[in-house]
1. If only one of Lys150, Lys145 is on the phi < 0 side of the Ramachandran plot and loosely packed, with under 15 Cβ neighbours inside 10 Å, which one is it?
2. If I ask for residues that are over 19 Å from Phe119 (Cα atoms), crowded, with 23+ Cβ neighbours inside 10 Å and β-branched (Val, Ile, Thr), which ones from the stretch 166-198 would you list?
3. Could you identify the single residue in Val89, Val133 that is more than 13 Å from the chain's Cα centre (by Cα) and surrounded by 22 or more Cβ atoms within 10 Å (Cβ to Cβ)?
4. How many of the residues making up the stretch 199-217 are part of a loop (DSSP other than H, G, I, E, B) and open to solvent by 40 Å² or more (accessible area, probe 1.4 Å)?
5. Mind checking which helices (runs of 4 or more DSSP H) fall wholly inside the stretch 107-182 and carry at least 2 residues that are among the small types (Gly, Ala, Ser)?
6. Identify all residues within the stretch 92-110 that are open to solvent by 20 Å² or more (accessible area, probe 1.4 Å), over 19 Å from Asp188 (Cβ atoms) and in contact with a Leu (Cβ under 8 Å, 6 or more places away or on another chain); write none if there are none.
7. Just one of Gly181, Gly162 is under 14 Å from Ser137 (Cβ atoms) and more than 10 Å from the chain's Cα centre (by Cα); which is it?
Amino acid sequence: MASLSISAKLALPNSLLYSQTPKTLLRHNLSIVSRSSRSNFYGLKLLHSPSLTTLSSSSYSTKSSIFAKVEKGSVPPPFTLKNQDGKDVSLSKFKGKPVVVYFYPADESPGCTKQACSFRDSYEKFKQAGAEVVGTSGDDPESHKAFAKKYRLPYTLLSDEGEKVRKEWGVPADLFGTLPGRQTYVLDKNGVVQLVYNNQFQPEKHIDETLKLLQSL
């Protein structure tokens, strides 16, 4: 899979650089976006905000490289993580049936809530396809439990604190590395990846693309 390098000179506001948590970044910075352009590489919308201003040659410069380690046709690294009930769940548990593993930035952020509820609303279709749905973020099990209860999510949420699994799978970050990526994988019953889909700012599209793939297996 080809890699994509993005180089840019920009000034990031303090609220974006030093935000304490992904939730804070999402809530306070994504709402100020004024216009967008689509990336043909990952189906993303690269966002431009009045608060992101260009600097001179002596200004801060950042370089971000996007490369997915887990690709279509590969077998991803195994993991064991805590679910929303604090119980260990291993990827190997799902072998023998298709599984959708989606990485998202944070519980309770607008886009992540929309995505989670879209998976919930289509959950019966996933069951009919014989597939399991697993959401993964860096939030702790207690946060996942509250999130799942509030929105009546019928599927598993896993806590990847420290983002070890996210890094091992090579989920690319967005907004020049400041925002955890939103990437979905579909594994077949043999544990082989059949789809890698990345789209940060159209969370509902993940459901459409995964169902389309599952219905073709």
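1. Selected residue: Lys150, the only one of Lys150, Lys145 that is on the phi < 0 side of the Ramachandran plot and loosely packed, with under 15 Cβ neighbours inside 10 Å.
2. Scanning the stretch 166-198 gives a single hit, Val171.
3. Details: Val89 fails: surrounded by 22 or more Cβ atoms within 10 Å (Cβ to Cβ).
From the options Val89, Val133, the qualifying one is Val133.
4. So the count comes out to 6.
5. Values: elements: 110-121, 123-128, 141-151, 164-169.
The helices (runs of 4 or more DSSP H) meeting that bar are 110-121, 141-151.
6. Initially, the stretch 92-110 is screened for residues open to solvent by 20 Å² or more (accessible area, probe 1.4 Å), giving 92-93, 95-98, 108, 110.
Remaining after also requiring over 19 Å from Asp188 (Cβ atoms): 108, 110.
Residue satisfying the conditions is Pro110 alone.
7. Gly162
The values are calculated or read from the model by the stated rules, or taken from the named source; none is laboratory data. Model, not experiment: these values are computed from the prediction. All Cβ positions, even for glycine, are placed from backbone atoms using ideal geometry, and neighbour counts span all protein chains on display. Surface areas here come from the heavy atoms of the whole protein model, side chains and all, with no ligands, DNA or RNA. Shrake-Rupley method; radii C 1.70, N 1.55, O 1.52, S 1.80 Å.
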